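Everything below concerns the one structure shown next.
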Amino acid sequence: MGMTMTQKILAAHAGLPEVKAGQLIEAKLDMVLGNDITSPVAINEFEKCGACSVFDKNRIALVLDHFVPNKDIKAAEQCRQTRNFAGKYDIKNFFDVGRMGIEHALLPEQGIVGPGDCIIGADSHTCTYGALGAFSTGVGSTDMAAGMISGKAWFKVPSAIRVTLKGKPTGFVSGKDVILHLIGEIGVDGALYQSLEFTGDGVAALSMDDRLSIANMAIEAGAKNGIFPVDDVTRSYCEGRFTRTPVEYTADEDAEYTREVVIDLSTLRPTVSFPHLPENTRTIDEIGEKEVKIDQAVIGSCTNGRMEDLRAAASLLKGRKVADGVRCIVIPGTQQIYLQAMKEGLIETFITAGAVVSTPTCGPCLGGYMGVLGKGERAISTTNRNFVGRMGHVESEVYLASPAVAAASAVTGYITDPAAL
């Protein structure tokens with residue numbers, strides 16, 4: 001029996017001719033990632049076991065992004081500990097205030113991860129890098145510590161679901177709508193410990209920003225990872241960024257899949273996930289004109305803080321005003337994205353419309369800062385989770401959507417079809 005893309009990457013990194021679903025393997029790692037929340041726990045474990053060196057100072061990335069610039073003393077201490085560790089072991093890929101970005105926007109942008117890589121990160125949305133044709137998955141901080149020491153990790157080889165994409169998206173439909181549609185169809189546990197392998201002619205119609213958004217939310221369907229084939233879009237993105245030698249893997253024709261899900265991109269509509277699970281989806285056509293009043297709109301995060309996202313939001317906010325009583329918060333994913341948005345005039349558009357623009361940070365996504373919700377408040381957000389209390393008070397509500405829908409909703413004060421503006 002043939003192997004899927006993910007299985008081929010894992011076999012290569014385990015030094016095996018083939019692997020099968022359910023098999024336990026030890027694989028070499030190309031990159032180990034941690035942030036300001038998870039790294040301190042990993043560092044404590046690293047020191048507890050008596051380790052005195054890292055496996056490769058060039059293959060560890062430490063990104064301060066969740067509560068940065070520091071929101072309180074605890075956040076400052078966590079960053080200080082991570083900063084000291086990075087200095088002690090001369091970690092090349094250390095990103096601090098002024099240089100940092102949201103980790104899953106930053107690493108692809110900086111060419112730190114690329115095609116054929118095997119990557120672990122102590123953050124569940126590490127699956128983002130599957131957009132580049134890599135195997136990447138989130139792990140716990142203890143596994144991160146072991147990875148920093150040994151350069152290896154244990155995996156159970158996942159089975160796979162083939163997601164066949166057809167056609168081209170139309171109108172305001174973006175990658176965020178594709179993944180929300182898929183999660184709505186299969187559920188938050190529909191791909192539990194499986195690989196979501198995207199394929200089909202429709203892949204070519206998706207930009208890299210679309211793919212990164214889709215792969216980012218594979219975990220919200222319970223998946224171990226999401227992965228896209230390497231094509232001209234991938235190669236163009238990686239050219240001039242990724243300095244290591246990319247390795248392209250393709251699934252065998254006789255690869256085994258547990259099921260196939262077919263999505264015709266041309267039929268999709270802007271999609272919104274209602275509280276309190278990402279699977280609670282409705283298309284914009286199924287939402288009444290003034291059915292859901294909002295208090296806040298968040299445009300950013302590791303899911304949707306990239307240039308295409310900011311451009312989409314700015315195109316709808318230009319010449320318009322954020323509705324009275326609505327707080328609109330825009331968070332570029334990285335410093336480079338922030339600068340590009342300035343050059344294109346997008347920052348001026350946001351501020352003129354009545355929005356605020358933040359330094360790159362995860363901030364409000366996890367109820368950290370820069371937009372925590374109070375009791376009874378509702379936010380439409382381009383983030384990836386809308387669990388109870390995710391963005392603040394347990395009686396607040398989060399509605400997940402694309403940047404276009406979030407921006408249009410900020411203008412009207414209600415969840416709104418961007419085409420209606």
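The values are calculated or read from the model by the stated rules, or taken from the named source; none is laboratory data. Owing to the predicted nature of the structure, the values given are computational and were not obtained by experimental measurement. Note that each Cβ is placed from the backbone with ideal geometry, even for glycine, and that neighbours are counted across all protein chains shown. When the accessible area is computed, the model is the full protein with side chains, heavy atoms only, and any ligands, DNA or RNA have been set aside. Shrake-Rupley method; radii C 1.70, N 1.55, O 1.52, S 1.80 Å.
Regarding region 97-119, can at least one residue be identified that is charged (D, E, K, R) and at pLDDT below 95?
Of all residues in region 97-119, those charged (D, E, K, R) come to 99, 103, 109, 117.
Cutting the leftovers down to at pLDDT below 95 gives us 99.
Among the residues of region 97-119, at least one is charged (D, E, K, R) and at pLDDT below 95, which makes the answer yes.
When residues in region 51-90 are screened for being out of contact with any strand residue (DSSP E or B) (no Cβ under 7 Å at 6 or more places or on another chain), of a type in the set (Gly, Ala, Ser) and assigned to a helix (DSSP H, G or I), 3 of them pass.
Mind checking which helices (runs of 4 or more DSSP H) fall wholly inside region 128-222 and carry at least 2 residues that are among the polar types (S, T, N, Q) and more than 18 Å from Arg269 (Cα to Cα)? So that I can check it myself, show each step before the final result.
Numbers: elements: 141-150, 175-186, 208-216.
Filter on region 128-222 gives 141-150.
Selection over region 65-118 of residues that are in contact with a helix residue (DSSP H, G or I) (Cβ under 6 Å, 6 or more places away or on another chain) and without any contact (Cβ under 8 Å) to a residue 12 or more places away in the chain gives a count of 1.
Could you tell me how many of the residues in region 16-41 are among the polar types (S, T, N, Q), within 30 Å of Phe95 (Cβ to Cβ) and open to solvent by 10 Å² or more (accessible area, probe 1.4 Å)? Talk me through it step by step, then tell me what you get.
Pass one, region 16-41, residues among the polar types (S, T, N, Q): 23, 35, 38-39.
Subsequent filtering for residues that are within 30 Å of Phe95 (Cβ to Cβ) retains 35, 38-39.
Subsequent filtering for residues that are open to solvent by 10 Å² or more (accessible area, probe 1.4 Å) retains 38.
Going through region 16-41 one residue at a time, the tally reaches 1.
Picking from Ser159, Ser150, which residue would you name as being within 15 Å of Arg59 (Cα to Cα) and open to solvent by 30 Å² or more (accessible area, probe 1.4 Å)?
On the way: Ser159 fails: within 15 Å of Arg59 (Cα to Cα).
The conditions single out Ser150.
Of the numbered criteria (1) in a loop (DSSP other than H, G, I, E, B); (2) modelled with pLDDT of 95 or more; (3) not acidic (Asp, Glu), the one Phe46 fails is (1). If you go through region 91-117 and keep only what is over 17 Å from the mean Cα position of the chain (by Cα) and not in a loop (DSSP other than H, G, I, E, B), you end up with Asn93, Phe94, Phe95. Taking region 328-380 as the range and being within 24 Å of Met391 (Cα to Cα), open to solvent by 30 Å² or more (accessible area, probe 1.4 Å) and of a type outside the set (A, V, I, L, M, F, W, C) as the test, the residues that pass are Gln335, Tyr338, Gly354, Thr359, Tyr369, Lys375, Gly376, Glu377, Arg378. For region 223-250, residues that are closer than 25 Å to Leu180 by Cα and either in a helix (DSSP H, G or I) or touching a strand residue (DSSP E or B) at 6+ places or on another chain (Cβ under 8 Å) (or both) total 10. Would you check if Ala205 is open to solvent by less than 10 Å² (accessible area, probe 1.4 Å) and out of contact with any His (no Cβ under 9 Å at 6 or more places or on another chain)? No; evaluated as a whole, the condition is false for this residue.
Of all the residues in region 382-421, those that are crowded, with 24+ Cβ neighbours inside 10 Å and among the β-branched types (Val, Ile, Thr) number 6.
Can you name every residue in region 377-412 that is in contact with a Lys or Arg (Cβ under 6 Å, 6 or more places away or on another chain) and assigned to a loop (DSSP other than H, G, I, E, B)?
So in region 377-412, the residues in contact with a Lys or Arg (Cβ under 6 Å, 6 or more places away or on another chain) come out as 393, 395, 397-398, 402, 411.
Within region 377-412, His393, Glu395, Ser402 meet the criteria.
Yes/no matrix, rows are residues, columns are (1) among the aromatic types (Phe, Trp, Tyr); (2) in contact with a Lys or Arg (Cβ under 7 Å, 6 or more places away or on another chain); (3) farther than 20 Å from Asp123 by Cα:
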site	(1), (2), (3)
Met1	no, no, yes
Thr6	no, no, no
His13	no, yes, yes
Ile25	no, no, yes
Val32	no, yes, no
Thr38	no, no, no
Glu47	no, no, yes
Gly50	no, no, yes
Val54	no, no, no
